Structures are given as structure tokens and as C-alpha cells.
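Trainee: Sending over a structure as C-alpha cells; questions will come in a sec.
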Amino acid sequence: PSSAASDVYKRQGLLSRSGCHLLVDGTPLWDERRGWIVPRPGGYLDWYFFGYGLDYQRALREFVALCGRIPMIPKWAFGSWYSRYWPYTEAEERELIRRFRREGLPLDVLVIDVDWHLHGWHGWDWNPKYFPDPVGFLKWARERGIKVTLNIHPGFLPKPDSHFPEVCRRLGLDPAKVKDGYRFDIAKREEAEAYMEVLHGPLLDQGVEFFWIDGSCAARMPGLSGLLWTNRVYYEFQERRLRRRTLILSRYGGLGNHRYPVAFSGDTFSQWGVLNYEVYFTATAGNVGVAYWSHDIGGFHGKKLPTELYVRWVQFGALSPILRLHSNHGIREPWNYGSQALDICRRFYRLRYRLVPYLYTLSRLTYETGLPLCRPLYLHWPREEWAYRYRHEYLLGEDILVAPVAEPTEGGFATKEVCFPPGIWHDIFTGEVYKGPRAVVVRCPLGRMPLYAREGAIIPLAPGMDYIGQRPEDPLTILYFAGREADLLRGEAALRRLGNGGDKDVLAEEVFVPI
């Protein structure tokens, strides 16, 4: 095709109602002899044509067959994460973890932002002002089921950093001739090896579980996505060093980034419109294989949210791939939003932890098939026009329909127009039954969200835990959503089985909408 036609294909995206996509690859080549990338000869491109009609699932299968599978992430990553841009001391981090435990809020991952650095936003020395005993702290956290990750702005090593002389020795540099520090180019193998082994290896050995790659990249080569390559170097180094399944937290580096989960969406505003967009965005990200997306739950900017917006954001996070509170010096801890909000957040946190066996099963299916955890309706009903119109709901796997509330309350109840696909769908909280395909405007109180299970679904539930792996998943509860006559999951019984409390508010009258 002409270059103009090529541009049209690229703009359409991997999944397109046109039924095809042209993937144009101008990235560096892999040199098998050297075991590293080399610049691509000028003017040469690789073209991969995907022709799939409306069989989007086939397109995803072929994409991961060509570009690599989507790895499973560790089970503990499906637990809750806490992050805040704030200069926490080691003692304050300990008290924060204790507070989560006291409030009955499960927690698995503690994200430590930039203030752990001694040299501003860069360097690999712990700041003793905040962490006088980092090894002791990491050991203490791990004994309580907490995995710790550190924020890294990659690439630059300040000269005062204690690792600087060893890096210079590895790279054959004269430290006296390096003025302020050294900026790495990890597209070069010898620099990548020194960068990871000297700077990051000791931190992993101390007990850091993985790294948060924030804001920049450290690789330069014509045609190369520097961020994609940076993500690869970090991810594969962690795998080799730790000898277990791993992950990173980083921004999206372009096609191929699905091989290095988890991606995050950057510094968002704390607004209803942003929450609403994130619902659509999370499902759509799977269209390029990015099945694990992490948002700043509550948004990055803004000190304290309106309580209703905060609770709805937490509900969305609890039913998305990664649940991670984060802010720019803002207030995102559930106990700072009043007793009602705390109780609701606690119930949704515990619902998520009970659903971990289901989420972990989806992780395996994602690895095998390329299908994301969160799926837009058109992945399963590609010929139905309504499947493209209802963009702010998604399937979590095949059996759970999630329609997060992303607008403020009117008259005491929030509203959401929910499209029910073909089949029978059970409201997980109330036991109400809906038959699709049809759209319904549902209204629900703050303590609930539109959440439905497909009739015939078998959903495994773990017992309640404070962190993943605290105890064996025994007994494992199996929820079977049978037909209307045999339905065992109605009203308060459903809430008790899900460990979700006793919200007695009655669902308001529904309004059916033609689709």
C-alpha cells in the first residue's frame, strides 16, 4: 500500500471495525550473535498485516503470537496498593501499615515515592533522614505481608552517589573528568549491565520487590522507543535476579509494552470526568494487549475529594486490574473520609480480596489467549451496534459485568445506564435478575455499584485476608449463579456470602432503554 494508506491503517489501531490493521515496524533489530539490539539499516521496514474481519479475539491471539505473550503477574499484585507523593519516614510507613490492618483494610503493596532518594529525584542511596535502617524496614514489612517498590527516575547518576566510583570503574571512566554525574544509555549493553547490576541489584538483594519507573527513559537509538526498552531492561533484570515472576510499574512505551506489566496513566486530575474516562480507557487498553493498567485511584491532583467521588473511584479500582491509591500530597486514605465511606471502602476492598482466585484465573487466561481481564462489550458481540455505544462498562472476564458509577448523585441515588448483553444477569448485591440484550437505567445508593454475574457463572471466592498468602485459600467458596427458580443469592444472603455487609437500601425503579 501507499504511505498514505499505511498512515490510515496505523491510525485505525490494532482493533478496527475496518477488519484489518497494518503494523509498521521500524524499530532496531535483534542481533542473535551479540544478544542485543542493533540499529536498523536505513529505509527498511517490516510490515505485518492483520486481517480478521470482526473477529477481534482472533486479532489479539495473533498479535500476542507475533509480539509476545502477556505475562502473568504475581498473585499478590491483585491485592491493594498504597502510594503517596509524600516524605514519609520509616516510622510513619510502619504506622501506616498498622493503620490499614487496624481498620480492616487489606494491603499488599507499599509504593515509596521519590523522597527515599538521598540526592533529590535521582541516585540510588537511601536517605537516612527518612530511612535510617532500610534493610530492617524492608524485613519488617515483608514479615507482615507487604511488598515494597521504590520510585525511580531512570538514567542519571549524581556524582555524590556512593555507587558512582564503581559505575565509573565498570565503564572505564575517570571519575575526576565527569562533572556532575553520568547519564546512562541502556540501549548499549555494557551500560545497561552496569546500570542494573551496580545500582538496582543491591536494592533487590535488600528486599525491594520491584521498581516504579517514573517519568523518563534511559535508552537512545534511532527507531527505538526509549521507554519500551527501559521497561524491558528493568523487567528482565528483575526476573533474572529474583528468579520468580515479577512486574514493574511504568508508563506505556508503545506496541509491545504488554510484555512488561504494569502500566500506569500518569498524573490525572481528581474529577468526575477523569473517573468516567478511566472506565472506558481501562477496557480499551486491552485492544493493544495492555491488560494490566493502574490508575491513581482518587486522581493525582487535588488535596481531598468530595466523599462521593472518592468512594466511587475506590469502587471502580476494586473491580479493575490494579487497585492503587495515589496522590500528589493529597488525602486518599479511606479513614479520612468519614465512617460511612470507610465502611463502604472496607467492604469493596474485602470483596476484591475474595475475588482474587477469579482474577488470578483470568491472568492465566490472558497469558494463554491475549484476551484482557477487562473487556469492552464488542470483544464478545462485535456485530452488535450497542456493543460499541456502551463504552463505560466492561466485562471482567466472561462472567462479571462491571458498570462503575462515574457521575454524582441525584436525589440520593446515583444513576447509570447499563447495557445488559444477551443472557440472564444477576445483580451480585441484591439478587435482582435482568435479561439482555437491553439497556436499563439503574439507580443505586453510595454503598453499591452496578455489578452483575452471568447466569451459569461459577466464581471462586477466597476467604477474607489482610494480605494475599496470609493463609491457604481454604475453604474456597464457589458461587454458582443458577436460574431464577434455583437462585440462592438474593438480598442480604448475597451480601453475606461476599463478605459485603448488610446494605439494606432498596434498588429504585429501573427505566428500560431501547438499544
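Trainee: Heavy atoms only, 1.4 Å probe, whole protein assembly: order Leu203, Leu228 by accessible area, highest first.
Mentor: Ranked list, largest accessible area first: Leu228, Leu203.
Trainee: Helix 90-102 versus the longest principal axis of the chain: what angle, 0 to 90°, nearest 10, using Cα atoms?
Mentor: 20 degrees
Trainee: Give me the number: length gained by fully extending Trp36 to Arg98, i.e. 0.36 nm times residue separation minus the C-alpha to C-alpha distance, one decimal in nm.
Mentor: 17.8 nm
Trainee: Count the lysine pairs in the chain that are 8 or more places apart or on different chains: how many have C-alpha atoms under 26 angstrom apart?
Mentor: 16
Trainee: Just the accessible area for Met449, please: 1.4 Å probe, Å², rounded to the nearest 10?
Mentor: So the heavy atoms of Met449 present about 0 Å² to solvent.
Trainee: Considering only DSSP beta bridges whose two residues both sit in the chain, what percent are antiparallel, to the nearest 5? Mind dumping the intermediate values first?
Mentor: Numbers: 44 of 66 bridges.
Of those bridges, close to 65 percent are antiparallel.
Trainee: With every protein chain present, what is the per residue accessible area of the chain (1.4 Å probe, Å²)? Show your work: numbers first, answer last.
Mentor: On the way: 20530 Å² over 515 residues.
Per-residue accessible area for the chain comes out at 40 Å².
Trainee: Relative contact order (percent) for region 1-146, with alpha-carbon contacts under 8 angstrom and 6 or more residues of separation? Please list the in-between numbers first.
Mentor: On the way: 156 pairs, mean separation 22.0, N = 146.
Worked out over region 1-146, it gives 15 percent.
Trainee: Along the Cα→Cβ direction, 7 angstrom out, place labels at Arg364 and Trp86. What is the inter-label distance in nm?
Mentor: 3.8 nm
Trainee: Moving on to the next point. For the Cα atoms of the chain, what angle does the longest principal axis make with the long axis of helix 134-143, in degrees from 0 to 90, nearest 10?
Mentor: 30 degrees
Trainee: Starting from the Cα gyration tensor of region 146-257, take the square roots of the eigenvalues, sort them a ≥ b ≥ c, and report rounded, prolate or oblate (rounded when a/c is under 1.5, otherwise prolate if a/b is larger than b/c, else oblate).
Mentor: Oblate shape, in that a/c is at least 1.5 and b/c is the bigger or equal ratio.
Trainee: Between Asp46 and Phe269, what length comes free when the chain is fully extended (0.36 nm per residue of separation minus the Cα-Cα distance, one decimal in nm)?
Mentor: Contour length minus the Cα-Cα distance gives 76.4 nm.
Trainee: Restricting to DSSP loop positions (anything but H, G, I, E, B) with no more than 10 other Cβ atoms inside 10 Å of their own Cβ, which trypsin sites (Lys or Arg not before Pro) remain in region 316-421?
Mentor: Numbers: sites: Arg324, Arg332, Arg346, Arg347, Arg350, Arg352, Arg354, Arg364, Arg383, Arg389, Arg391, Lys416; in loops: Arg332, Arg383, Arg391.
Answer in residue order: Arg383.
Trainee: Related question: What is the angle, in °, between the Cα long axis of helix 338-354 and the longest principal axis of the Cα atoms in the chain? Nearest 10 is fine, range 0 to 90.
Mentor: On a 0 to 90 degree scale, this one is about 80.
Trainee: Please list Met196, Met221 in order of solvent-accessible area, largest first, computed with a 1.4 Å probe with all protein chains present.
Mentor: Most to least solvent-accessible, the answer reads Met221, Met196.
Trainee: Note down the accessible area of Asp399, probe 1.4 Å, to the nearest 10 Å².
Mentor: Accessible surface of Asp399 is approximately 40 Å².
Trainee: Rounded to whole Å, give me the distance from the Cα center of region 217-256 to that of region 14-64.
Mentor: 19 Å
The values are calculated or read from the model by the stated rules, or taken from the named source; none is laboratory data. Predicted, not measured: the structure shown is a model, and the values here were computed from it. As a convention, Cβ positions derive from the backbone with ideal geometry for all residues, glycine included, and neighbour counts pool all protein chains shown. Please note that ligands, DNA and RNA were not included when accessible areas were found on the heavy atoms of the full protein model with its side chains. Shrake-Rupley method; radii C 1.70, N 1.55, O 1.52, S 1.80 Å.
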